[in-house]
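The values are calculated or read from the model by the stated rules, or taken from the named source; none is laboratory data. Predicted model, so just to flag it, every value in this text is computed and none were measured. Cβ: placed from backbone, ideal geometry, glycine included. Neighbour counts: every protein chain shown.
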Amino acid sequence: MATVSATCLRFQPLFSQSNRSSQAAASLKPVSVGWAKNNGFPSLKASRFRVSCAAKPETVEKVIEIVRKQLALTPETELTNESKFAALGADSLDTVEIVMALEEEFDINVEEESSQNITTVREAADMIDKLVQKKAEGGS
């Protein structure tokens, strides 16, 4: 099952006849997709397809800082966008505490349903940027 999540995503196909692959240029980040047939877009079931929206670097850094503090991680512990909370030793209570700290730091409210889907630094940072933008636009 493939999942695609983005705030604003626009594809512009760039086809090449001499090549059996095609590229799609997204307004947020370039994405390459290859397939064997030349007669249409591939089934997402048959392809690994990933679109990721890049959160602001300062948001990512703040999330890393909060995760490090909440999990009492040493400065030597490497944290990246792809760091998974569970791999860092977080249980469900730790994850709730991370989300609460993020809510306080960014002055946002995270719905319980959304908080259950946060498993990595990137997911947290993307969600925060989305909620901060929504709040700035007057969407509560």
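Criterion first (closer than 21 Å to Val132 by Cβ and in contact with a helix residue (DSSP H, G or I) (Cβ under 6 Å, 6 or more places away or on another chain)) does Val96 satisfy it?
Values: closer than 21 Å to Val132 by Cβ: yes; in contact with a helix residue (DSSP H, G or I) (Cβ under 6 Å, 6 or more places away or on another chain): no.
So Val96 fails the test.
Leu73 - would you say it is modelled with pLDDT of 95 or more and either in contact with a helix residue (DSSP H, G or I) (Cβ under 6 Å, 6 or more places away or on another chain) or in a loop (DSSP other than H, G, I, E, B) (or both)? Spell out the reasoning first.
On the way: modelled with pLDDT of 95 or more: yes; either in contact with a helix residue (DSSP H, G or I) (Cβ under 6 Å, 6 or more places away or on another chain) or in a loop (DSSP other than H, G, I, E, B) (or both): yes.
When the stated conditions are applied, Leu73 passes them.
Tell me which residues, restricted to region 88-140, are of a type in the set (Val, Ile, Thr), assigned to a helix (DSSP H, G or I) and within 17 Å of Val67 (Cβ to Cβ). Before you say what the answer is, go through the steps one by one.
First, the residues of region 88-140 that are of a type in the set (Val, Ile, Thr): 95-96, 98-99, 108, 110, 118-121, 128, 132.
Narrowing further to those that are assigned to a helix (DSSP H, G or I): 95-96, 98-99, 121, 128, 132.
If the condition is that a residue be of a type in the set (Val, Ile, Thr), assigned to a helix (DSSP H, G or I) and within 17 Å of Val67 (Cβ to Cβ), then Thr95, Val96, Ile98, Val99, Val121, Ile128 are the ones that fit.
Considering every residue within region 59-67, establish whether at least one is modelled with pLDDT of 95 or more and assigned to a strand (DSSP E or B).
No - not one qualifying residue is present in region 59-67.
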